[in-house]
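For reference, the structure is listed below as structure tokens.
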Amino acid sequence: MAGFIQKETIDAVTRTADIVSIVGEYVPLTRKGSSWWGCCPFHKEKTPSFSVTPDKNMFYCFGCHKGGDVIKFVMEMEKQSYPEAITALAKKAGIEIKYEEGYNPDAAKKDTTKDELIQLYDRVATMFHYLLTQTEGGKFAFEYTTKRGLTADTIAKFKLGYAPADRRWLKNFLRKKNFSDDFLAKSGLFSKNYPDVAFFSDRLMFPIFNRRGQCVAMGGRLLRGEGPKYLNSGDLIQYQKGETLYAFNFAKNAIRQEKKVIFCEGYMDCIAYHQCGIEYAVAPLGTALTEEQVKLVQGFVDTVLLSFDSDGAGQTATWKAILLCRKHDLTVKVIRLRGAKDPAEIMLNFGKETLTADVNNAILDSDYLLDSLSHSYPIDTPEGKTKACLAFFPYIDALQTDIQKESCLEQLGQVFNISPEAVRRDFNNRERVRERLEQRQTDAGQIKQQDIKLDAEIRAVLAIITDTNQFELMRRELTESDFENPVAKKIFIILEECYRESDLSFSTILARCEEENLQQMITSAVASGEFSQHTEQMVTDSIALIKKNSLEKQRNSLLNRIRLLNPSTQEDKAMLDELIAQKMDIDNRLSKKE
């Protein structure tokens with residue numbers, strides 16, 4: 001029993017709470033006769049065995065045998081005590097909570113820190129929103145949002161804000177509102193080493209809401225000056241980033257109705273989808289997609305759509321997300337954007353019709369992966385085909401039915417022109433095949449110290465590791481395709497992955513470099529101090545040279561294509577004109593660099 005809550009209140013909660021509606025917030029339910037059925041939220045199942053009987057105000061799973069009333073359900077789902085669940089349901093239904101005579105709820109209050117932090121974050125988010133939309137100080141940030149195509153309704157819906165450039169402003173403001181220094185010190189809003197200094201300053205702010213729409217954390221985007229592009233709240237008692245999805249509070253109804261979800265790269269991408277009417281989009285929060293985040297939507301969706309960037313880090317995130325979702329028996333598709341690098345640019349430059357079409361034309365994950373592998377490996381050689389197949393086999397392992405596995409093995413053989421029997425044999429003996437291939441490639445596959453030439457590309461990435469603040473400049477000017485040196489390209493991709501996870505620490509970068517010789521080269525270079533002098537100038541000069549080399553490579557490629565053309569047809573003549581125009585453009589860009 002609740003002990004200190006009157007039975008009258010408990011009975012009112014039990015009588016008033018709509019168990020179908022409450023359970024339906026977590027589990028899609030279908031009516032069959034007098035009961036409602038769905039897949040159990042307490043264990044994994046494919047065939048619904050979880051029933052809700054509104055006449056008896058009860059739920060029961062015939063698979064795992066969990067059952068009880070509406071209070072028990074809330075306790076299990078929210079990990080709350082009996083009194084907490086009753087209190088939450090009473091507030092939801094507008095029922096006054098009455099206590100036993102002689103009981104003083106204020107004297108026996110539980111630790112309210114979590115609730116107080118939620119109230120604090122909501123207050124700060126409201127203030128930041130005011131500073132963005134109503135003050136001169138936030139005007140430049142507001143103009144940025146409008147230039148990115150966001151409407152006033154969208155800015156209000158997501159409660160976007162602006163954190164003042166004065167890093168002591170927030171502490172002074174909250175002190176005047178009677179928040180204590182001890183309480184603010186554990187809020188995550190201030191520096192641990194300098195408790196009067198705000199963690200977020202001079203940034204466009206994105207409040208992060210829990211599933212109930214309460215502000216529990218924040219993310220901030222840098223719009224001017226130097227520093228990390230994004231800063232995100234760390235884990236707090238009211239917020240664990242690996243268990244939260246950005247915009248889930250706005251998306252959950254659409255996710256239930258559409259039975260699908262879009263996992264996208266970040267805040268602006270997610271907001272762009274919503275503004276274009278695609279309201280089942282959510283985003284991981286500064287981390288790779290986690291199992292807990294997939295479980296948040298698993299009970300409501302049949303299909304997951306992935307919308308990550310097309311660069312190396314984005315492709316890596318897509319691969320990992322595909323395997324994770326497939327292990328949870330979800331159909332996966334990949335959205336390919338046309339004419340822009342992210343949904344926000346599509347919305348701004350082409351409108352919601354184009355973005356909607358891109359979503360509707362999403363391709364199956366198997367097609368995406370096979371296409372990606374065909375560009376990553378020389379599949380015109382036996383060794384290239386073997387490597388591509390070995391890279392694809394973990395996807396087949398993640399599939400949940402033999403029919404799916406068999407179909408994908410057949411597709412793999414067709415795409416790479418391999419007999420079905422050979423594909424199955426190598427799949428069944430994949431560990432042995434992998435070991436043999438690795439043994440043959442031990443010498444060739446190792447990055448050897450003596451083989452690494454300290455050219456402009458290597459010097460640039462080593463300088464970045466020495467001073468990671470310069471990576472913002474590099475990623476603005478270069479992409480992985482600009483690098484010819486495979487070692488430099490590998491390090492650039494690692495830096496990009498670390499940047500996206502807001503962790504460009506030396507230890508994290510080093511941990512992602514799997515080859516021991518590569519780790520030794522990086523450690524030696526940093527320890528020598530050779531790259532710690534005039535780092536910014538070194539990076540700037542290297543970027544200019546890399547861009548020049550990349551343009552010259554593109555120019556030579558165009559010249560080869562022009563030489564091979566025989567303009568005997570109208571189509572070839574048009575192609576020749578296009579190639580010459582591209583070459584002239586590159587010639588002009590190269591002349592400006594000289």
Exercise. Residue check: is residue 5 at pLDDT 90 or above, touching an Asp or Glu at 6+ places or on another chain (Cβ under 8 Å) and not acidic (Asp, Glu)?
Worked result: no
The helices (runs of 4 or more DSSP H) lying entirely within region 39-141 that contain at least 1 residues which are modelled with pLDDT of 85 or more, more than 24 Å from residue 217 (Cα to Cα) and not charged (D, E, K, R) are 70-78, 82-93
Log entry, pairs with first residue in region 293-306 being hydroxyl-bearing (Ser, Thr, Tyr), second being surrounded by fewer than 19 Cβ atoms within 10 Å (Cβ to Cβ) and assigned to a strand (DSSP E or B), beta carbons closer than 9 Å, six or more apart or on different chains, reads 303/331
Subset of region 323-354, residues open to solvent by 30 Å² or more (accessible area, probe 1.4 Å) and in contact with a strand residue (DSSP E or B) (Cβ under 7 Å, 6 or more places away or on another chain), comes to 331, 333, 336
Residue pairs qualifying under the 7 Å Cβ cut-off, at least six apart or on distinct chains, with the first in region 341-370 being under 24 Å from residue 324 (Cβ atoms) and assigned to a helix (DSSP H, G or I) and the second being of a type in the set (D, E, K, R) and open to solvent by 30 Å² or more (accessible area, probe 1.4 Å), are 358/336; 358/338; 365/333
Selection from region 286-322 of residues in a helix (DSSP H, G or I), among the aliphatic types (A, V, I, L, M) and either in contact with a Cys (Cβ under 8 Å, 6 or more places away or on another chain) or surrounded by fewer than 19 Cβ atoms within 10 Å (Cβ to Cβ) (or both) yields 294
Checked region 135-147 for anything closer than 30 Å to residue 350 by Cβ and open to solvent by less than 50 Å² (accessible area, probe 1.4 Å); matches are 138, 141, 144, 145
By residue number, the members of region 148-191 that are of a type in the set (D, E, K, R), touching a residue at least 40 places away in the same chain (Cβ under 8 Å) and surrounded by fewer than 12 Cβ atoms within 10 Å (Cβ to Cβ) are 177
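Condition check ((1) open to solvent by 40 Å² or more (accessible area, probe 1.4 Å); (2) touching a Lys or Arg at 6+ places or on another chain (Cβ under 9 Å)) across all residues:
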| site | (1), (2) |
| --- | --- |
| 455 | yes, no |
| 466 | yes, no |
| 470 | no, no |
| 474 | no, no |
| 480 | yes, yes |
| 485 | no, yes |
| 491 | no, no |
| 497 | no, yes |
| 500 | yes, no |
Residue hits (region 472-520; outside any helix (DSSP H, G or I) and over 25 Å from residue 266 (Cα atoms)) are 483, 484, 485, 513, 514, 515
Reported set for region 378-417 where residues are open to solvent by 40 Å² or more (accessible area, probe 1.4 Å) and farther than 23 Å from residue 333 by Cβ is 378, 379, 380, 381, 382, 383, 385, 387, 417
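Please work out which residue is surrounded by the most Cβ atoms within 10 Å (Cβ to Cβ), limiting yourself to region 254-274 and to residues that are over 24 Å from residue 311 (Cα atoms) and modelled with pLDDT under 90.
Narrowing region 254-274 to residues over 24 Å from residue 311 (Cα atoms): 254-260.
Subset that is modelled with pLDDT under 90: 256-257.
Details: 256: 18, 257: 12.
Filtering region 254-274 for residues that are over 24 Å from residue 311 (Cα atoms) and modelled with pLDDT under 90, the one surrounded by the most Cβ atoms within 10 Å (Cβ to Cβ) comes out as 256.
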Taking region 25-69 and the residues there that are more than 34 Å from the chain's Cα centre (by Cα) and in contact (Cβ under 8 Å) with a residue 40 or more places away in the chain, the one that is surrounded by the fewest Cβ atoms within 10 Å (Cβ to Cβ) would be 69
Residue count, region 211-239, condition of a type in the set (Phe, Trp, Tyr) and either in a loop (DSSP other than H, G, I, E, B) or closer than 15 Å to residue 267 by Cβ (or both), comes to 1
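The values are calculated or read from the model by the stated rules, or taken from the named source; none is laboratory data. Owing to the predicted nature of the structure, the values given are computational and were not obtained by experimental measurement. We place every Cβ from the backbone using ideal geometry, glycine too, and count neighbours over all the protein chains shown. The accessibility values were calculated without ligands, DNA or RNA, using every heavy atom of the protein model including side chains. Shrake-Rupley method; radii C 1.70, N 1.55, O 1.52, S 1.80 Å.
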